[in-house]
Structure formats: structure tokens, C-alpha cells
Amino acid sequence: MTNVITVSGLSKSFGRTRALDGLNLQVRAGEVHGFLGPNGAGKSTTIRVLLGLLRADSGTVRLLGGDPWKDAVELHRRLAYVPGDVTLWPNLSGGEVIDLLGRLRGGLDPRRRAELIERFELDPRKKGRAYSKGNRQKVALVAALASDAELLLLDEPTSGLDPLMEAVFTDCVREVKEQGRTVLLSSHILAEVEKLCDRVSIIRDGRTVETGTLDELRHLTRTSITAELASPVNGLAGVHDLRVDGSRVSFQVDTDRLDEVLKHLSASGVRSLTSRPPTLEELFMRHYRDESLAGAR
Amino acid sequence: MTGSWALVRLILRRDRFILPLWVVVFGLLPITQTSAIAGLYTGEAELRRFAASMDANPAFTALYGHVLDWNAAALGLWRGGFTPVLVGLAVLLTVIRHTRAEEETGRRELLGSTVLSRHAGLTSALIVTTAASLVIGLIVLATFAAEYPVEGALAAGLGYAGTGIVFAAVGALAAQLTENAGGARGIAIAVLGGAYLLRGAGDTTDASWLSWLSPVAWPQRMRPFAGETWWPFALFVALAAALCCAAYLLAGRRDVAAGLLPPRLGPATAAPALAGPFALAWRLHRGSLLAWTLGFAVLGVVMGAAANAAMSAMAENKRLLDMLARLGGASAQSDMFVAAVLGIFGIAVSGYAVQAVLRMRAEETAQRAEPLLATPATRVAWTASHLVVAVLGPAAVLAVLGLSLGLTYGLGSGDVGTHLPRVLGASLAQLPAVWVLAAVATALFGVLPRLAAAAWGVLAAFLLFGQLGALLDLPEAVLDLSPFTHLPRLPGGDPEFTPYAVLTAIAAVLLAAGVYGFRRRDVAT
Ligand SMILES: Nc1ncnc2c1ncn2[C@@H]1O[C@H](COP(=O)(O)OP(=O)(O)OP(=O)(O)O)[C@@H](O)[C@H]1O
Ligand SMILES: [Mg+2]
């Protein structure tokens with residue numbers, strides 16, 4: 001499969017702040033790619049580099065086969081962008097902004113525009129300041145989704161949307177995907193990522209710490225185990241969060257060491273055992289928090 | 001009052017450079033002008049002659065008011081008659097910057113959720129500007145008291161402080177009226193301009209009561225160094241108190257970030273014309289351009305009338321006419337007046353140009369440039385869309401000014417055919433210098449975006465050069481920095497080609513540098 005976005009070794013500093021520090025990112029054609037990371041990790045900065053709004057300090061960036069800095073104008077014909085924090089012009093109505101952005105991208109389909117406005121329950125006659133945060137977000141979303149762009153760059157597009165509208169957004173992204181278009185979706189909402197994304201990249205401190213399909217990532221994580229044992233166990237090495245309460249033990253274990261640890265347990269006589277596969281949440285928590293992990297890779 | 005002091009500290013922190021700068025400059029201007037006059041005209045006879053000739057010229061009366069006495073201190077304050085207007089401008093802009101502008105950006109909301117009282121923003125802005133006005137007054141008092149009678153110094157200081165306090169309150173009230181800071185600024189500046197015109201009208205015509213309606217005239221009504229009267233200070237206090245009450249009343253009734261008028265609904269779809277960066281720029285700029293054009297149309301009529309008043313007053317005064325004949329005749333005198341007015345207005349129109357250019361920076365930092373630049377619109381097109389307004393807008397304003405001034409002046413002297421084209425041409429001749437300022441702002445925006453607002457400092461410096469350069473004996477090389485120094489004095493002077501060509505070329509180079517710089521730099525995040 002061809003890559004729509006290829007970023008390697010991308011670095012970007014603002015004065016003394018190192019926002020991106022050798023970031024890698026590959027987004028394949030036709031996929032919805034989740035872009036995750038804690039606050040300040042560098043997601044928005046990466047997207048702005050992809051848009052040619054910021055110039056990379058070093059590293060290579062290819063977008064739709066072009067250089068986002070040099071070929072900005074040609075590339076922008078083929079993409080649509082939803083910023084994380086949408087600000088509108090105080091004296092323009094939402095409908096005017098949608099039309100303006102659409103026409104700048106080379107026109108938009110009035111039928112699709114009307115349909116999206118209805119689905120998102122947006123009043124297009126209100127002016128800039130009169131919109132709530134969620135409604136401002138909807139203006140940008142309608143403008144982007146009504147376009148024919150082959151690539152959508154969405155920076156936390158659902159921040160401020162209520163659950164109902166989030167569901168509408170999810171449907172819309174699925175439709176976009178069915179049409180064979182590509183989406184880069186930066187998000188903090190794991191359920192959304194789980195529902196929509198084929199692959200995800202997790203970044204931290206400006207570096208990619210994990211990338212792959214959700215199943216691949218799950219595989220990399222830990223299983224929680226609670227067991228009743230006949231005799232106390234000793235020498236349970238390589239497990240995490242170990243709690244021993246008489247004959248009861250509970251701990252987490254890296255998936256690749258599961259077999260080894262289970263053998264060790266059965267040597268002490270297992271009376272009962274429950275195991276729980278890792279939730280995505282735990283996976284992300286670990287990547288967001290774990291200092292050593294970011295350093296090791 | 002809860003939290004007001006914390007906000008006062010915040011304002012002082014944010015304005016730590018600009019606030020002391022204008023307080024000190026405006027505080028020292030009157031004594032500087034006085035010392036300059038005292039240095040130029042020594043002895044009672046010379047001062048008396050200077051005072052008489054100045055007061056006999058209604059053009060000067062229109063600009064600065066009546067000469068009240070012939071002593072150097074009174075003359076210095078008279079010559080600085082425009083400074084209270086500048087003080088008023090500085091305080092009202094400061095108040096709006098820390099009230100409505102904060103609400104507009106949403107920062108006020110962030111603070112409003114902390115333990116702040118409802119009016120803390122307004123109160124803190126008024127505390128800072130009132131204190132700044134008082135400090136200006138104190139500087140005036142201290143500097144004059146060192147050399148001149150202390151009563152006069154006190155009256156002068158009170159006049160400056162009072163003007164500042166009143167226009168801070170004007171700013172506070174204007175900030176309650178509109179949702180956007182630009183609108184509030186427009187209202188407050190219109191009030192200030194109106195007050196200045198009212199003073200000019202009252203002082204040059206028989207309807208001298210008109211001046212009493214204008215706070216700009218009250219400092220002179222306190223007659224510093226000319227037999228002080230104290231009670232006009234009560235006018236400042238009463239008016240400021242009334243305006244503040246109104247501001248607090250309105251602030252208490254409205255929601256944070258809301259204006260007085262409820263926001264209206266707009267169209268559900270855009271007009272077909274709204275299809276590119278240029279159409280958008282026109283939408284964003286047209287309101288303020290219209291306001292400036294109308295404002296200058298009115299100013300042109302008023303100043304044209306003043307020029308005519310000057311002509312007829314001089315025609316009645318046989319002795320003065322003889323004296324003027326030696327200086328080039330009465331019409332040369334009113335030409336000089338028109339040229340002086342156009343010189344000042346040229347700088348004011350540069351203010352429009354700088355503001356139009358800096359609109360780009362405002363759009364950029366408000367993240368409104370980003371979605372546009374993420375479309376096929378190029379950076380050059382986006383910049384050009386605003387620069388077209390910044391370059392052609394001043395042309396429109398100056399053309400309308402020239403037409404209205406030339407028409408009024410021509411009608412008064414019964415010779416529209418001669419005067420209209422001359423005055424129109426003289427007005428448009430300011431353009432190259434105006435463009436240089438627009439270009440300086442553009443270059444800063446493109447190359448040193450964080451310092452873009454310094455363009456205002458450049459404009460202020462050129463204004464001071466024009467107002468004070470001759471009095472202060474500033475070195476030629478410094479005065480030459482200002483493009484306005486190089487403009488031939490029109491009408492009446494010799495319209496040379498070279499300065500226009502050179503200034504236009506400088507402007508073109510700086511504009512190109514700014515656009516090039518913006519193409520190469522990061523868009524602010
Ligand atoms: N213009 C700037 N000047 C200085 N530092 C900046 C600038 N823009 C971003 N940064 C810094 O770069 C880092 C990455 O910021 P970025 O906005 O890309 O994070 P993010 O992943 O989008 O975070 P969030 O989830 O909060 O949106 C942060 O440390 C931020 O402070
Ligand atoms: Mg972000």
C-alpha cells in the first residue's frame with residue numbers, strides 16, 4: 001500500500017522548547033490513522049508542519065507525494081483541515097465561513113453541505129462569537145467534510161462536541177473511509193480511536209513511541225491476573241504491581257512473559273485464576289506515563 | 001473590588017514598557033515646549049509680539065485654542081494644546097485594551113471564573129489609567145513649579161490629569177457598547193475627535209459656548225499662568241463620575257463578552273462574491289475604512305471652514321494683512337494652514353494604514369489565518385489581500401479629505417475651480433509617506449512578527465518629530481528619518497518629484513521584504 005504521509009526524523013524547536021524530536025509517522029492511503037499523545041506531545045505541531053504552516057528544522061516530510069512546505073498550494077487543493085481550536089470571524093456567519101473555505105478549496109457540493117448542516121444540527125446563520133465552542137467546531141467540520149479532499153487532517157475534531165454529535169462525527173468519518181479517503185485523526189478520546197482507527201501512532205515528547213494496529217498494540221501490553229494458590233508463591237520475577245494477600249496474589253504481566261509466569265504459578269497449585277486482557281486505556285496510560293519507555297526506544 | 005488589585009498588577013506587567021513611556025513623554029511635553037519658546041523669544045517685548053501674532057491667526061486658534069497670556073509658560077501650554085488630545089487617546093486605548101479586547105479574546109472569561117468581582121476588569125483598567133493621568137499631572141506640576149509660579153503649575157497639572165481621567169471614562173463607557181474592541185475604539189476615538197473639533201469651532205467662532213461642551217477645552221479654561229480659575233476642574237470630576245456610573249451600570253446589566261445590541265443573525269449561505277482572500281479582506285476592513293472615510297470627510301469640512309475664517313479675519317485686520325503681505329499674502333497664510341492641517345492628517349491616516357496592516361498580525365495570532373492558509377490560497381495572496389486595503393484605503397481617505405477640504409475652502413473663497421484641485425492634490429501627495437509607514441509595519445510583520453506592534457512606536461516617533469522637531473532643535477539627521485519631513489509643503493510649496501519617487505520606492509522595497517519574510521517564516525501558533 002502507498003503512504004499518503006511519510007514523516008521521518010522530524011524535529012522542530014520553538015526557541016528552547018523542543019516540540020518535535022525525531023518524529024516518525026506513516027499514514028497509508030485509505031486508512032483512518034489515530035494520532036495520540038499526552039498534552040504538549042507535539043500532535044498539533046506535526047499537523048501544522050504537514051500543512052506547511054511551520055517549517056521543519058530537520059527530517060523528511062512527504063505528503064501526498066509532495067513537500068508540504070514547497071508545494072503547499074498544490075497539496076492544499078487535495079486536503080481539508082480542522083484545527084483543534086476553531087476561531088471564527090466575529091462578523092461572518094457560520095454559513096458564510098463554510099462557503100468561503102469550501103470555495104477556497106475549489107467549491108463544495110451544496111447537497112452534501114445541506115445534509116451535513118442538518119446532521120450536525122448547526123444553525124448556519126449565527127455569527128462568529130454567538131457560537132458555542134462545540135458549534136464553532138461543527139462549522140469547521142462541516143466545511144472539511146463537505147469537501148472532496150482526498151486527505152483529512154483533523155486535530156482533536158470532537159473536542160467540545162456532545163456525545164450525540166460525536167456519534168454523528170463517527171458516522172461521517174466511516175463514510176469518508178468508505179469513499180477511500182484518508183484521515184489523520186488526532187484525539188484524546190480513546191473510545192473514538194478504538195471505533196474509527198485502523199492504525200494508531202502514539203507520540204510522547206515529540207517522538208513516536210508506538211505505532212501499529214490496535215491488535216498489535218494490545219499484544220504489547222500486560223494482562224492482569226488474580227489467583228488463589230495452595231501454597232505461597234515465591235520468586236515471582238518480572239511482574240508488575242504485585243500484591244500478595246496470604247494465598248491470594250494479583251499482578252500484571254507483560255504478554256510475552258505470560259507463559260513463563262503461569263508455569264511458575266501452577267507449581268504452587270492454582271485453586272482459582274482470573275485473567276483480564278489489557279484495556280486500551282491501560283495501554284495508553286502506560287505510554288503516556290511511563291518515563292522509561294519513552295527513553296528506551 | 002475583589003481581585004482588582006491583582007488585575008492592576010497584571011495590567012502593569014503587560015504594559016510595563018508602553019505605559020511608563022507615554023506617561024513620561026506626555027508629562028514632559030508641555031515643559032519642553034515652554035522651554036523651547038522661552039529660549040526662542042527672550043524678553044517681554046518679543047514674547048508679547050509672538051503672542052499677539054499667534055492669537056491674531058485664527059488658524060492657530062483652531063488648532064491650539066486662544067493664547068491666554070504672553071508669558072512663556074502660558075505660551076508653551078498653548079503651543080502644546082494638542083497634547084491633552086494625545087493623553088486622551090492613550091488612556092482610552094489603554095482602557096479598551098484591558099476591558100473589551102480582553103473579553104473579545106475570551107481571556108476575560110478565564111479570569112472571570114477565578115475569585116474576581118464582576119467589575120474587577122473595568123475597575124482595574126480605570127485605576128491604572130486614572131493613576132497614569134495623575135502621574136502625568138504631577139510631572140507637569142513638578143516641572144513647571146520648578147521655574148514658574150506654583151498656582152499656574154497646579155492648574156496646568158490638573159488640566160492634564162483631568163483630561164486623562166475623563167477620556168479613561170469615555171473609553172470605559174465605549175467598551176460596554178460593542179462586542180468587538182475595534183468598534184469600541186472607533187466610538188471612543190470619534191468622541192475624542194468630536195470634542196477636539198467642538199473646541200476648534202467654539203474658539204474660532206462667536207459661539208464660544210461650544211468650547212465649554214468639550215473636555216478638550218477645559219484645561220485652557222483653568223487658565224494656567226493667566227489668572228487661574230479652579231472650578232472647571234469640577235467639570236472633569238463630574239463628567240468622569242457620570243461616565244463611569246453609566247459604564248458600571250451597563251457592565252452590570254450585560255453578560256461577559258456581550259455588547260449592548262444583541263447580535264444579529266447573518267445569511268445562511270455566503271454571497272457568490274465571498275470566494276477568496278480578497279473578498280474576505282474587504283469584508284473585514286470595509287467597516288473601519290468607511291468610518292475613517294466619513295470621519296475625514298467631516299474633518300475636511302471643519303478645517304476648510306476654519307481656513308476660511310482665518311482668511312476673513314485676516315482680511316479685516318489691515319495691519320496684519322500688511323505684515324502678511326510681506327510673508328506672501330493672506331492666501332499664502334491660509335495655504336500654510338491647509339498644509340499644516342494636511343501634514344497632521346497625513347500622520348493620522350498613517351495610523352489607519354498601520355492598523356490595516358497589523359490586522360494581519362491580529363488575524364494570525366487569533367488563529368484565523370491558519371484555516372485560510374491551509375487552503376490553496378497562497379501566503380502571498382493572503383498578505384496581498386490585506387495590503388491592498390492598507391495601500392489603497394489611505395488613498396481613498398485622503399481623496400475624500402482633499403475633496404471635502406478643497407470644496408469647503410474653495411466655496412468660502414469663491415474659487416472652487418482653483419482650490420479644489422490644489423487641495424485634493426496636496427492631500428493625495430501625503431500618500432507616499434503614508435505608504436512608507438504601512439510598509440514599515442509590513443516589514444516588521446513579515447520579518448520580526450513579535451515586534452509588529454512597534455510600528456505604532458515608529459508612527460508616534462514621527463508624529464513627535466513633526467510636532468517638536470523644530471522646537472527641540474533635533475538634529476537634521478534624526479528629522480530626516482521621518483518620511484513626512486521630506487514631503488514638500490503643499491499647497492503653496494513646490495511639488496518636487498524626487499521625494500515622492502524615493503519614498504514610494506522605499507515603501508515598495510519594505511513591502512516586498514515583508515511579504516518575502518512572511519512567505520519564509522512559521523505561521524504563529
Ligand atoms: N509557537 C510555539 N512557541 C513555543 N512553544 C510551542 C509553540 N507551539 C507549540 N509549542 C510547544 O510545543 C510542544 C508541542 O505542542 P503541541 O501543540 O504540538 O502539542 P499537542 O500534542 O497538540 O498537545 P495538546 O494535546 O495539548 O493539543 C508543547 O510543549 C508546546 O508548548
Ligand atoms: Mg494540540
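Observations on the structure shown:
- No other residue among B:A132, B:A161, B:A155 is buried (at least 22 other Cβ atoms within 10 Å of the Cβ) and over 18 Å from B:A73 (Cβ atoms) apart from B:A132.
- For beta carbons closer than 9 Å, sequence separation of 6+ or different chains, a first residue in segment A:80-106 that is touching a residue at least 60 places away in the same chain (Cβ under 8 Å) and a second that is assigned to a strand (DSSP E or B) and surrounded by fewer than 22 Cβ atoms within 10 Å (Cβ to Cβ), the qualifying pairs are A:A80/A:L151.
- Within segment A:105-133, restricting attention to residues that are at the interface with chain B (Cβ under 7 Å from one of its Cβ atoms) and of a type in the set (K, R), the residue that is nearest to B:E102 (Cα to Cα) is A:R129.
- Scope segment A:113-164; condition touching a Phe, Trp or Tyr at 6+ places or on another chain (Cβ under 6 Å) and within 16 Å of ligand 2 (Cβ to nearest atom); matching residues: A:L153, A:T158
- Residue match in segment A:168-177 (condition: surrounded by fewer than 23 Cβ atoms within 10 Å (Cβ to Cβ) and not in a helix (DSSP H, G or I)): no
- Verdict on B:P475 being surrounded by fewer than 17 Cβ atoms within 10 Å (Cβ to Cβ) and in contact with a Pro (Cβ under 6 Å, 6 or more places away or on another chain): no
- Hits in segment A:25-51 (condition: without any contact (Cβ under 8 Å) to a residue 24 or more places away in the chain and within 11 Å of another protein chain (Cβ to nearest Cβ)): A:R48
- Filtered residues of segment A:34-55 (kept if near ligand 1 (Cβ under 9 Å from one of its atoms) and small (G, A, S)): A:G37, A:G40, A:A41, A:G42, A:S44
- Enumeration of residues in segment A:13-24 that are within 14 Å of chain B (Cβ to nearest Cβ) and more than 8 Å from ligand 1 (Cβ to nearest atom): A:S13
- Selection within segment A:52-67: residues that are under 21 Å from the mean Cα position of the chain (by Cα) and free of Cβ contacts under 8 Å to residues at least 40 places away in the same chain. The member of this set that is farthest from ligand 2 (Cβ to nearest atom) is A:G52.
- If the condition is being among the β-branched types (V, I, T) and within 16 Å of ligand 2 (Cβ to nearest atom), then segment A:68-98 contributes A:V82, A:V86, A:T87.
- A:G102 meets the conditions (1) buried (at least 24 other Cβ atoms within 10 Å of the Cβ); (2) within 13 Å of A:R136 (Cβ to Cβ); (3) more than 8 Å from chain B (Cβ to nearest Cβ) in every case but one. The failed one is (2).
- In segment A:24-34, the qualifying residues are those that are crowded, with 17+ Cβ neighbours inside 10 Å and farther than 14 Å from A:L63 by Cβ, and the one that is farthest from ligand 2 (Cβ to nearest atom) is A:G30.
- When B:A51 is tested against (1) not in a helix (DSSP H, G or I); (2) not assigned by TED's automatic domain parsing to the domain that holds B:V91, only condition (1) is not met.
- Only listed residue being in contact with a Leu (Cβ under 8 Å, 6 or more places away or on another chain), over 23 Å from A:G206 (Cβ atoms) and either polar (S, T, N, Q) or more than 16 Å from ligand 1 (Cβ to nearest atom) (or both), chosen from A:A72, A:A80: A:A80
- Residue satisfying condition, being more than 14 Å from chain B (Cβ to nearest Cβ), in a strand (DSSP E or B) and within 16 Å of ligand 1 (Cβ to nearest atom), within set A:V183, A:V209: A:V209
- You will find that of A:V176, A:V200, A:V183, the residue that is touching a Phe, Trp or Tyr at 6+ places or on another chain (Cβ under 9 Å) and assigned by the TED database to the domain that holds A:P110 is A:V200 and no other.
- Qualifying residue in segment B:378-388 (condition: outside any helix (DSSP H, G or I) and assigned by TED's automatic domain parsing to the domain that holds B:H285): yes
- Qualifying residue in segment B:239-251 (condition: in the same structural domain as B:A120 (by TED's automatic domain parsing), in contact with a Pro (Cβ under 7 Å, 6 or more places away or on another chain) and farther than 15 Å from B:A62 by Cα): yes
- Residues that are touching a Leu at 6+ places or on another chain (Cβ under 9 Å) and within 14 Å of chain A (Cβ to nearest Cβ), drawn from segment B:283-310: B:R283, B:L284
- Any hit, segment B:514-523, residues being touching a His at 6+ places or on another chain (Cβ under 8 Å), more than 16 Å from ligand 1 (Cβ to nearest atom) and away from chain A (no Cβ under 14 Å): no
- Hey, B:L448 within 16 Å of ligand 1 (Cβ to nearest atom) and farther than 25 Å from B:V301 by Cα or not: yes
- Residue, nearest to A:A80 (Cα to Cα), within segment A:165-189, restricted to residues that are within 16 Å of ligand 2 (Cβ to nearest atom) and at pLDDT below 95: A:S187
- Of the helices (runs of 4 or more DSSP H) contained entirely in segment B:197-313, those carrying at least 3 residues that are small (G, A, S) fall at B:232-253.
- Restricting segment A:149-158 to residues that are under 16 Å from the mean Cα position of the chain (by Cα) and within 14 Å of chain B (Cβ to nearest Cβ), the residue that is farthest from ligand 1 (Cβ to nearest atom): A:L151
The values are calculated or read from the model by the stated rules, or taken from the named source; none is laboratory data. What you see is a predicted model, and the numbers here were worked out from it, not measured in a lab. Virtual Cβ from ideal backbone geometry, glycine too; neighbours counted across all protein chains shown.
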